[in-house]
Amino acid sequence: TLQVALAFALMSSLYGDFMQAVGASTRIFELMDRTPKVSNENGKKLSELDGRIEFKAVDFTYPSRPDTKVIKNFSLTVEPGEMVALVGPSGGGKSTIVNLIERFYDPDQGNITLGGHNLRELDPQWFRQRIAMVSQEPTLFACSIRDNIAYGRQATMEEVMEAAKEANAHEFVSGFEDGYDTLVGERGVRLSGGQKQRIAIARALIMDPVILLLDEATSALDAESEHQVQEAVDRAMKKRTVVVIAHRLSTVRKAGKVVVIDKGEIAEQGTHDELLARDGVYKKLVHRQMMAGFSADTNAVKVDTS
Ligand code: ATP
């Protein structure tokens, strides 16, 4: 029944998305494209997955826009346990790369491997259980906080609370009269952006994923919430392969590798310091953002808007 409840919650939240999209007709196609177009017949399930991600000469075009190649000859290796930050101008292809790692689409050319196995050969349901995604505006379902964190898994209350503590969510959840039984969504409590993100991080932690995909928030949170989210994210990143769409200077500084994506191609890659020394696209991006007046919070200097 929980599964059914979640399915309904998902459907109604997709419906909400859809209604929002009606105003902007181009978005409808993007939304329709979110339905996985891949098959999972005879997919392999391995005994374990190491977190190496490899793109080899990948080309990709969204089915709804067959005339526009969005990713071109893209090659990248992310080592197990490494943190890679994707940066670059809006529309460059960062989210698309993340979508491809989850195999929401297949490349037109080239291939993508996880732990040395071609994604096309793996059972999508199996590997998606080993990849957690924390997006900028996480979708919470119209059910209890507990069910939002457990997300259809057979997690005990202890596991849910443990994850919530790690994600800096336990304190505010405990502050609600109904605690973890508190309903969220239209008929429940309204959560702040930072609180939603912490629920999403708890949800990711309970999966204990090998790979963490993160779309860092661009919108400003208040300083306290910002700190709480950052601390939770830092914990979630430990001992995992991390691919983060980065918007903060503090994040790119921590990354083992920064990849600048522009018009679907890798413009530059290296550490933050190496790239700054190179005096290229990255340096321009960072400087442009610094000049743009984000000085109120130096930790939140944004690296990519355009
Ligand atoms: P941003 O920083 O603004 O999120 P991004 O670097 O993540 O941008 P993508 O969202 O990957 O860029 O978009 C790359 C290109 O693909 C853009 O031209 C975008 O309009 C297009 N695109 C993205 N999603 C879809 C979709 N579902 N269907 C068709 N085109 C899409």
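The values are calculated or read from the model by the stated rules, or taken from the named source; none is laboratory data. Keep in mind that what you see is a predicted model, and the values were worked out from it rather than measured. Using ideal geometry, Cβ is built from the backbone for each residue, glycine included, and neighbour counts are taken over all protein chains shown. With ligands, DNA and RNA removed, areas are computed over all heavy atoms of the protein, side chains included. Shrake-Rupley method; radii C 1.70, N 1.55, O 1.52, S 1.80 Å.
Scanning the range 104-124 for residues being open to solvent by less than 40 Å² (accessible area, probe 1.4 Å) and farther than 19 Å from Glu265 by Cα gives a total of 7. Does Asn111 count as more than 16 Å from the ligand (Cβ to nearest atom), free of Cβ contacts under 8 Å to residues at least 12 places away in the same chain and closer than 17 Å to Gly51 by Cα? So Asn111 fails the test.
Residue-by-condition table, conditions (1) open to solvent by less than 10 Å² (accessible area, probe 1.4 Å); (2) of a type in the set (Phe, Trp, Tyr); (3) under 18 Å from Ala85 (Cβ atoms); (4) free of Cβ contacts under 8 Å to residues at least 40 places away in the same chain:
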{"residue": "Ile211", "(1), (2), (3), (4)": "yes, no, yes, no"}
{"residue": "Asp215", "(1), (2), (3), (4)": "no, no, yes, no"}
{"residue": "Thr218", "(1), (2), (3), (4)": "no, no, yes, no"}
{"residue": "His227", "(1), (2), (3), (4)": "no, no, no, yes"}
{"residue": "Ile245", "(1), (2), (3), (4)": "yes, no, yes, no"}
{"residue": "Lys254", "(1), (2), (3), (4)": "no, no, yes, no"}
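If you scan the range 155-168, which residues turn out to be of a type outside the set (D, E, K, R) and closer than 30 Å to Leu100 by Cβ? Give the steps one after another, and end with the answer.
So the first thing to find is which residues in the range 155-168 are of a type outside the set (D, E, K, R), and the list is 155-157, 160-161, 163-164, 167-168.
If the condition is that a residue be of a type outside the set (D, E, K, R) and closer than 30 Å to Leu100 by Cβ, then Ala155, Ala163, Ala167 are the ones that fit.
Filter the range 256-268 down to the residues that are at positive phi and open to solvent by 10 Å² or more (accessible area, probe 1.4 Å) and list them by number.
In the first step, residues of the range 256-268 are kept if they are at positive phi; the result is 263-264.
Passing the criteria: only Lys263.
Going by the conditions given, is Tyr105 over 18 Å from the mean Cα position of the chain (by Cα) and within 11 Å of the ligand (Cβ to nearest atom)?
Details: over 18 Å from the mean Cα position of the chain (by Cα): no; within 11 Å of the ligand (Cβ to nearest atom): yes.
No; evaluated as a whole, the condition is false for this residue.
I'd like the full set of residues that are small (Gly, Ala, Ser) and within 17 Å of Arg235 (Cα to Cα), limited to the range 147-175. Spell out how you get there, then give the answer.
First pass over the range 147-175, keeping only residues small (Gly, Ala, Ser): 150, 152, 155, 163-164, 167, 169, 174-175.
Listed by number, the residues that qualify are Ala163, Ala164, Ala167, Ala169.
Taken over the range 49-96, the criterion of being more than 16 Å from the ligand (Cβ to nearest atom), surrounded by fewer than 21 Cβ atoms within 10 Å (Cβ to Cβ) and over 19 Å from Val258 (Cα atoms) is satisfied by Asp50 alone. The residues in the range 45-90 that are out of contact with any strand residue (DSSP E or B) (no Cβ under 6 Å at 6 or more places or on another chain) and aliphatic (A, V, I, L, M) can be counted, and the count is 2. Please verify whether the range 139-157 includes one or more residues that are buried (at least 16 other Cβ atoms within 10 Å of the Cβ) and out of contact with any helix residue (DSSP H, G or I) (no Cβ under 9 Å at 6 or more places or on another chain). Looking through the range 139-157, none of the residues is buried (at least 16 other Cβ atoms within 10 Å of the Cβ) and out of contact with any helix residue (DSSP H, G or I) (no Cβ under 9 Å at 6 or more places or on another chain).
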